[in-house]
Every structure is written in structure tokens, then in C-alpha cells.
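This report concerns only the one structure given below.
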Amino acid sequence: MIERSTHAGTLGQFSWALFEWARNPYYILIVIYIFGPYFSTEVIGDPVRGQEIWGYINGFAGAATACLAPFLGAIADKVGRRKPWIATFVVMMVPAILLLWLAVPGEAGLGIVTVAVALTAAGIGFAFTEVFHNAMLPSVVPYQRLGTVSGWGLALGNGGALIILVAMLYAFALPATGVLDWEWLPEEVLFGLDTAAFEHDRIAAPISAVWLVVFALPLFLFTPDRSGTGVAAREAVRQGLADVRRTILRVRAYRNIALYLLARMLFNDGKVAIMTFAMIYASGVFAWGGAERLLVGVFLTVFAIAGGFIGGWLDDIVGSKKAIVFTIAGNFVALLAAVSITPTTIFFIEFEGLDAPVWDFAFFRTLPEIVYLLISILFALFITSAYANSRTMLARIAPEGEMTKFFGLYALSGQVTAFVAPIMVAFFTGFFDSQRIGFGSILILLGAGVALMVFVKEERAEALPGEGG
């Protein structure tokens, strides 16, 4: 049973949510806006080939995560205490992120294999901090506040990234372009960073690593952990995997939950892939550089913060299922619209003169770029909202006495297919030699996920006899 006496106070709940502030900048800076597009366009040097390679790197990291997921999920379910494991994975992430500073174009930089290994280590750590962090939620937050506090976390995560994006834009990216003469901007890149060596892009790695260490501390200081069960890790794996096998064998009795977890596997992979490849696609198609990517990041992160609050509010008002269906369907429509845009086409229709500037601003000067940017607002709103809704959906339908077990399965379902979407994007990109087709292949996962969600019922399952307790 959930230990209701361990519910945290306001400070503890806020500190739980603040951990998203600590960890999310890694994903937003390294995977989405800065390092991923930089690696694809500058280190690889060919946007199509870069998107393909980035897909396979993320697929490799996802496959490694999938192999470990059953074992770590079992440990999360059985050992009771979560914070020591979170600390372990934070320690694992930091040196791997710092290593990315050495990834520069040419022979002097890290090789693709070394970058892949570093990203895999950081990706595994990021994934499993999420596993153990999510596993804390039911014991830290009362049931009626699950949606709200979950939304807090996602909003704070994007808020932390927003601060870093604005700072990097001011200190590095805009001065590096030399195209703006605003008085309040530094005349040169701060701290003597070498723009020829892309240090103004690579600095995202050490910044996100230090940020993670500093802002993870409140979770360890102020959020209560569950008591340890005394079960050793090896025994926890044995017991946990046995529980997973029993649950799978008796899945007919939990058919609604199983259907939800399957749907979530599909649409979650699609959401992650959109975040992973949207800026890589735009950087290749529109030739966006570091300044454009950071400007987009600042712009969209504001909406992502709003999405966290809106997602929690929408969940509490209309319920998790309706909120999920709405946000995933919204992502499907937004992605279809996004891949319809190139420098000469909008909504798959080619027009003359679309590549002509429509205003005098130094960035996003053409109509297709502006339309793509506006469509990306929907990604920011819907993806963040869907993350908040997804984990509260499980809290609403899982048997109350077996909440921890099903959060373990939830974590497992989010990891065991994590390699599918990036490998799919990589394959379609390489096979068709097209960023558009590769990015658009994500529609398959989103469509299948929302179709399955239609059949999921938002009702709590009863624990099977002999389980729970």
C-alpha cells in the first residue's frame, strides 16, 4: 500500500517538482535545441546524413535503456528508497555530459562512436532519474493533487531551461552573429569563447551538467523518501521481475491498464521523437544556426511552461483520458503541418516568392519559417501537457494498493521501445534521402497511440486477490 503518512509538505512537494528544473535543461539544451542540431549540421556537415546518424545514436541509447529498464524498474518497485538511485544516475550523467564539450568538427574532436557512448550514458541516466523520480510521486503527493504537482514539475523544468536559453542567447549566440547592433548586447562573445571552434554552442554541455548538480540538491534535502525495505538489489530484481511476469500473465484482468500502457508506448515514443528531431529538421531545411535555434528555444519554452500548467489544469477538469487524446491528436495535426513546410512550400503547396524576405528582422525572414515557428507552438503546448496527463492517467486507473507496481510497469513501458522512434526516423531519412519523410514517419506512432487511447477507460481497476497489501 502507499504510505500516506509519508506525503510531503509544500516544501517537499515543490522540491520534488524542482528536480525537473534540474534535469530537463540537459534534454532541452543537448538533445533538442543546441547540441543535437549542432552535431547534425556542423560535426557531421550534411543535414540529411546528420539526421540519420543522430537517429541511430538515439536509437542505440534507447536500446541500451530498454535492456536495463526491466531490472531498474524492478529495483524501483522493491527497494523502497528512491533517492540513492536518483543520486547514482545524476553522478553517471554529469561526466558524460561534460565529455560533449570535446565534440568539434574535424579530426581533432570526438569521434562519432565516442559521442554515441557519452550520449548513451547521459541518456540512460536521464531516463532512469525519471523512473525513480516518477516512482516517488504517489507517496509524496496526495491523490487529488497529482495532476497539479505533476504539472508543476514540467513547468519548472521548462522554466529552468528558459533561463539558460536566454542567458546563452545574450552572452554567446547573438554576439556571435554580428548582425545586430543593439546597445544592450555585448559586442563580442563573453568569456572569450572561440566561435570558430563552436565553443558558443558546445558550452551548453558544461552549463547543463553544473545546473543539474546544483538544483538536484533540494530533492535530496527536503523531499521525504520512502523507508527502505531492506531488500538487496539482486533480490529486488528477482522479486520485481517475478511480479512483472505475474502481472503480464494475468494481464487479462488488467486489460484496460495494459491497453493504456501499450498506447502510451506508441504516443510517448512519438512525442520524444518530435522533440528530438524538430529542430534538426528545421536547421537542415531552413539552414538555421545557433542564434535561430536559441531564439526558437526561448520562444517555445515559454509556451511549454504554459503547457505544464494547462496540462495539470485540463487533467483535473476533464480527466486524464480526454486530456491525453486531445493533446496527442493535436501533436499529430501539428506534425503533419510541420512537414508540409519547406522554403518554397506551405501545407504541401508550392508558391512563388516564398523564399523572399517578408520583414527586416535578421532572423526568420521568410513566410515558411514564420509559419513553421507558429506551428511549433503547438508542439510546445501539447507535448508538455501530454507528459503531465500521462503519469496522472496511470495514477487514476491503477489499483490503489498496487500503485508502485504499476508505476514500475509505466516506467518500463516508457523505456522498452525507446529505440523504435529514432531508428525509424533514421531509416526513413536514409532510405528516402529526405529529412521530411524521416521526420514525418513519426505520424505512424502518434496515430496508432491516439487510436488505442479511444478504447481506454478512465476507471480504477480492482487489485487481484492475493496481490497488493
Tally of residues being outside any helix (DSSP H, G or I) and not hydrophobic (A, V, I, L, M, F, W, C) across segment 53-82: 3
VAL131, sole failed condition from (1) over 16 Å from the mean Cα position of the chain (by Cα); (2) crowded, with 18+ Cβ neighbours inside 10 Å; (3) closer than 17 Å to MET93 by Cα; (4) β-branched (Val, Ile, Thr): (1)
Count - residues of segment 157-182 that are at pLDDT below 85 and more than 16 Å from GLY297 (Cβ to Cβ): 5
Filter pass, VAL94 being in a helix (DSSP H, G or I), out of contact with any Phe, Trp or Tyr (no Cβ under 8 Å at 6 or more places or on another chain) and not acidic (Asp, Glu): yes
Qualifying positions in segment 42-52 - surrounded by fewer than 24 Cβ atoms within 10 Å (Cβ to Cβ) and assigned to a helix (DSSP H, G or I): GLU42, VAL43, PRO47, VAL48, ARG49, GLU52
Qualifying residue in segment 259-271 (condition: crowded, with 23+ Cβ neighbours inside 10 Å, in a helix (DSSP H, G or I), of a type in the set (Ser, Thr, Tyr) and modelled with pLDDT of 90 or more): yes
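The rows are residues; the columns are (1) under 21 Å from ASN256 (Cβ atoms); (2) at pLDDT below 95; (3) in a loop (DSSP other than H, G, I, E, B).
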position: ILE437; (1), (2), (3): no, no, no
position: ILE444; (1), (2), (3): no, no, no
position: VAL450; (1), (2), (3): yes, yes, no
position: GLU458; (1), (2), (3): yes, yes, yes
position: ALA461; (1), (2), (3): yes, yes, yes
position: GLY466; (1), (2), (3): yes, yes, yes
position: GLY469; (1), (2), (3): no, yes, yes
Tabulated pairs, segment 70-82, first on the phi > 0 side of the Ramachandran plot, second surrounded by fewer than 22 Cβ atoms within 10 Å (Cβ to Cβ) and at pLDDT 70 or above, C-beta under 6 angstrom, 6+ apart or interchain: GLY80/ARG226; GLY80/SER227
Residue list for segment 448-463, filter: surrounded by 18 or more Cβ atoms within 10 Å (Cβ to Cβ) and over 27 Å from GLU400 (Cβ atoms): VAL450
Long-range neighbours under 7 Å by Cβ, at least six apart or interchain, first residue in contact (Cβ under 8 Å) with a residue 60 or more places away in the chain and under 16 Å from ASP316 (Cα atoms) within segment 146-163, second among the basic types (Lys, Arg) and buried (at least 24 other Cβ atoms within 10 Å of the Cβ): SER150/ARG391
Residue match in segment 387-399 (condition: modelled with pLDDT under 90, of a type outside the set (Asp, Glu), out of contact with any His (no Cβ under 8 Å at 6 or more places or on another chain) and not in a helix (DSSP H, G or I)): yes
ARG255, sole failed condition from (1) in a helix (DSSP H, G or I); (2) touching a residue at least 60 places away in the same chain (Cβ under 8 Å): (2)
Within segment 406-448, tally of residues that are touching a Gly at 6+ places or on another chain (Cβ under 6 Å) and not aliphatic (A, V, I, L, M): 6
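Quick one: which residue in ARG246, ARG255 is surrounded by fewer than 20 Cβ atoms within 10 Å (Cβ to Cβ), out of contact with any strand residue (DSSP E or B) (no Cβ under 9 Å at 6 or more places or on another chain), at pLDDT below 75 and not small (Gly, Ala, Ser)? Steps first, please.
On the way: ARG255 fails: at pLDDT below 75.
The match here is ARG246.
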Number of the condition not met by GLU20 [criteria: (1) buried (at least 24 other Cβ atoms within 10 Å of the Cβ); (2) of a type outside the set (A, V, I, L, M, F, W, C); (3) under 25 Å from LEU110 (Cβ atoms)]: (3)
Subset of segment 165-218 (residues that are without any contact (Cβ under 8 Å) to a residue 60 or more places away in the chain and among the acidic types (Asp, Glu)): ASP181, GLU183, GLU187, GLU188, ASP194, GLU199
Pair list, Cβ under 9 Å, 6 or more apart: segment 101-119 residue farther than 20 Å from ALA64 by Cα, other residue at pLDDT 90 or above and of a type in the set (Val, Ile, Thr): TRP101/ILE203
Filter result for the condition that a residue is at pLDDT below 90 and buried (at least 19 other Cβ atoms within 10 Å of the Cβ), over ASP315, ASP355, ASP360: ASP315
Given (1) buried (at least 22 other Cβ atoms within 10 Å of the Cβ); (2) closer than 22 Å to TYR410 by Cβ, index of the condition PHE35 fails: (2)
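The values are calculated or read from the model by the stated rules, or taken from the named source; none is laboratory data. The structure displayed is predicted, hence computed values, not measured ones. Positions of Cβ are backbone-derived with ideal geometry, glycine not excepted, and every protein chain shown enters the neighbour counts.
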